[in-house]
Every structure is written in C-alpha cells, then in structure tokens.
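The values are calculated or read from the model by the stated rules, or taken from the named source; none is laboratory data. It should be emphasised that the depicted structure is a prediction, and the values quoted were computed from it without experimental measurement. Don't worry about glycine lacking a Cβ; one is built from the backbone with ideal geometry, like all the others, and counts go over all protein chains shown.
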Amino acid sequence: MKLKYNRRPMSAIAHSLVFGSMPKAANRTVVTTFRTQPGVREALEVAAGMENRSMSNLMERLAIEHCRSKGIPIAGLEADDDTRGQRGQSG
C-alpha cells in the first residue's frame, strides 16, 4: 500500500515558529529611512555621483566620519570599513 504525502512544504515563518529563528548573515545591513528637504537630497545625489558612490554609501560614510570625530564608537566596524562599497573610479 502506497501512502500519499499531502502536506505542503513549510513556509519560512512556520519553520521559524517550529524550529526557532532562522540564522541570519553576520554582516547583514539594516534599512534606515529619514526625511529631508528636496534640495538636501539633490545635493546628496550630486555629491554621491562626484565620488562614484551610491547615496546610501555616501550617507553611511558621512555618519561614520561624524561619529569618529565625536569619539562615538561603532560596534563591528573595522578601521577601513568606511570605504566599503565604494565604486571604482574611472580614469
């Protein structure tokens, strides 16, 4: 006699409820949202373009530089991590 297996595969949410939370990447980034005036955003886009960076990477670099200048430690950040993700410069 052949038994049928009619159960659907367990979803990731159900899996985490049954077996605990699923492992996360050690260096996972988080989403941060903030409001600013349109002119500030435009200036950031220009500044990021001039440095061949994404706006996100520029904001991260600026935040790191500011925290370092104020003596605020950043957990999990090595000395050279402020250039992480910088796009190669052409020419």
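Structure notes:
- Test set (1) part of a loop (DSSP other than H, G, I, E, B); (2) more than 22 Å from the chain's Cα centre (by Cα); (3) at pLDDT 60 or above; (4) surrounded by 10 or more Cβ atoms within 10 Å (Cβ to Cβ) - G71 fails condition number: (4)
- Residue list for region 48-65, filter: more than 18 Å from T33 (Cα to Cα) and not charged (D, E, K, R): G49, M50, N52
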